[in-house]
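Working notes for the structure below.
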Amino acid sequence: MTESFSFDGTVVTFRPGQTIGAALLATGTRSWRTTRRKGRLRGLFCGIGVCFDCLLTVDGTPDQRACMVEARDGMEVRTQQGVGRAGLAT
Amino acid sequence: MLATTASDRPTRAPDVVVVGAGIVGTACAFAAARAGLSVVVVEGGAIAGGTSGAGEGNLLVSDKLPGPELDLALLSARLWRDDLAPWLGPRLEYEAKGGLVVAPTSEAAAELGETTAAQRAAGVAVTDVAAADLPTIEPYLAPDLAGGAHYPADAQVQPIAATALLLREARTLGTRVLTGTRVTGLLRAGDRVTGARTPSGDLPAGAVVNAAGPWSGEVAALAGVDLPVRPRRGFVLVTAPLPHVVRHKVYTAAYVGDVVSDEAALQSSAVVEGTPAGTLLIGASRERVGFDRTPAVPVLRRLAAQAVGLFPVLAAIPVLRTYLGFRPCSPDHLPLLGPDPRAPGLLHATGHEGAGIGLAPATGALVAQLLTGEHPELDLHPFRPERFAA
């Protein structure tokens, strides 16, 4: 049976061992975050865990690196708009 | 004799050569140029490439006990706020955010109260904060703290931008800057220092200002002068960008004890602050390990744990990166500032330890006053560079 996670509500299938970023890229999705100030699109940049550009929200936890987190069956992945933890603002 | 360098040929020898394009050298160059002097800045590496680019950009009065360094800090705080911040504009990221020192125990709170009373008598604006009032100042602070003190005059700048902007202004005033140019010797006429030698040529000058931070001992040695400035390593952790979670520069009262300690072994106490970019900066560790740049995971772990102790909410926040730097540390933790009687023509502006960004404007102003023969506006006796000579 094919494994999949949800990405903003749509189903994304992946091969075991793929990262979330790799699985998204394989579907043609190139961006999944917008920047904090100007709302610009961001996706994989360095692809090796250094640049923190490819952040998204995984199972409710923001600021996860798509290039580092291995895809798991049933994950709920969401794009990250602006600051990942806007709810903390004082 | 005309000065000659490969990159540029001045029409006449400058009044002053400044060694080092960190914040202190840059502030000296700017103040000297503003006073009408011709200046050449010689930097072995890159602008703000040493200590200045490896800190948090703090402009603090809160961590200074009454005495000459506090006087220097108060003058500097005023110069940053009233002079440089308006001059350099928004890219400086000058933030008058204020500092909050917290005491974890009632003993520490009592001690902090004594410190603030003495600081207040010395002209520092500070308000004691009862434990119950801490959440209104910093909502995410740990709930079990015993008290604190609020210092409205503590501020912050982006230190690399500060250095670059200040140097740009100095250039506008005619200062020349040679980066990637090491000073390999000092020109002498008898005892007198009459300029600097570099691989790209000699730079005769009326005076040489040694602002080489943790490397200033090496520059002094070129004049045969012993200057006991040693590196004191510090790490900084950078978190993921956050909304406005930490409002002030927040640190524990133990930090001041760490600053004035003479321990060689690791000392650390949590220092947490936000930046306009949203990231939090977490310090502060102090170690005497020479210029060792090896990442030290136990130190980073300890800083992170101490920051979480102060702000439990940080336990879930990722750290994006870390960096390290070397504070120029003198034996009595005071800067070495002023002319060196052992080598006339050589002035030192170094040994500011972790406070160089904060203390730079006053340092520059005082150096310019010395260079132009004006009476320095602060008593420089406590800072005299030869005070450690046997």
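The values are calculated or read from the model by the stated rules, or taken from the named source; none is laboratory data. Remember, it's a predicted structure, so these values are computed and weren't measured experimentally. Here the Cβ positions follow ideal geometry from the backbone for every residue, glycine too, while neighbour counts run over all protein chains shown. Areas reflect the complete protein model, heavy atoms only, side chains present, ligands, DNA and RNA absent. Shrake-Rupley method; radii C 1.70, N 1.55, O 1.52, S 1.80 Å.
Averaged over B:311-322, how many beta carbons belonging to a partner chain fall within 10 Å of each residue's beta carbon?
Average neighbour count from other chains, rounded to a whole number: 2.
In the range A:34-57, what residues drop by 20 Å² or more in accessible surface going from the chain by itself to the full protein assembly, probe 1.4 Å?
A:R36, A:R37, A:F52
Which three semi-axes in whole Å describe the equivalent ellipsoid of the range B:302-390, each the square root of 5 times a Cα gyration tensor eigenvalue, listed largest first?
38, 14, 11
How do the peptides B:245-257, B:176-188, B:147-159 rank, highest first, by the average count of neighbouring beta carbon atoms within 10 Å per residue?
The packing order, highest mean first, is B:147-159, B:245-257, B:176-188.
Just to be sure I understand: if you take the accessible area of chain B alone plus chain A alone and subtract the pair, with a 1.4 Å probe, what total do you get in Å², rounded to 100?
Roughly 1200 Å².
Within chain B, what's the longest run with no GluC sites (Glu not before Pro) in a DSSP loop and at most 16 other beta-carbon atoms within 10 Å? Give the range, please. Numbers along the way, then the final one.
Working: sites that count: B:E263, B:E374, B:E377.
Result, exposed sites excluded: B:1-262.
For every other residue with a beta carbon closer than 11 angstrom to the beta carbon of A:G74, add +1 if it is Lys or Arg and -1 if Asp or Glu, then tell me the sum. Mind dumping the intermediate values first?
Numbers: positive: A:R72; negative: A:E3, A:D59, A:D73, A:E76.
Here the charged neighbours net out to -3.
Compute and list, largest first, the equivalent-ellipsoid semi-axes of chain B from the alpha carbon gyration tensor, each √(5λ) rounded to a whole angstrom.
37, 20, 19
First select every other residue whose beta carbon is under 10 angstrom from the beta carbon of B:V271; then total the charges, Lys and Arg +1, Asp and Glu -1.
After counting each charged neighbour, the total is -3.
Please report the net charge: other residues with Cβ closer than 12 Å to the Cβ of B:A29, K and R +1, D and E -1.
Net charge around B:A29: +1.
Counting only DSSP beta bridges with both residues in the protein assembly as shown, what percent are antiparallel, rounded to the nearest 5? If you can, show how the numbers build up before the last one.
Working: 59 of 82 bridges.
Of the beta bridges lying entirely in the protein assembly as shown, close to 70 percent run antiparallel.
With the radius of gyration and the Kirkwood radius both derived from the Cα set of the range B:18-138, what is their ratio Rg to Rh?
Details: Rg = 18.0 Å, Rh = 17.0 Å.
Result for the range B:18-138 is an Rg/Rh of 1.05.
Per residue of A:61-70, what is the mean number of Cβ atoms on other protein chains within 10 angstrom of that residue's Cβ?
2
Of the heavy-atom accessible surface of the range B:233-390 (probe 1.4 angstrom), what whole percent is carbon and sulfur?
60
Find the percent of Cα-Cα distances in the protein assembly as shown that exceed 31 Å, and round it to a whole number.
49
Once the dipole of chain B is set up with Lys and Arg at +1 and Asp and Glu at -1 on Cβ about the Cα centre, which of B:A265, B:L178, B:L59 lies farthest towards its positive end?
So the residue we want is B:L178.
Tell me the relative contact order for the range B:221-331 as a rounded percent, counting alpha carbon contacts under 8 Å between residues six or more apart. Mind showing how you got there, number by number?
Working: 206 pairs, mean separation 45.8, N = 111.
Across the range B:221-331, relative contact order equals 41 percent.
Taking a probe of 1.4 Å, how large is the accessible area per residue of chain A, in Å²?
57
Taking Cβ-Cβ under 4.7 Å as the only way to count a partner, pick out the unpartnered cysteines of the protein assembly as shown.
Taking the Cβ cut-off of 4.7 Å, the unpaired cysteines of the protein assembly as shown are A:C54, A:C67, B:C28, B:C329.
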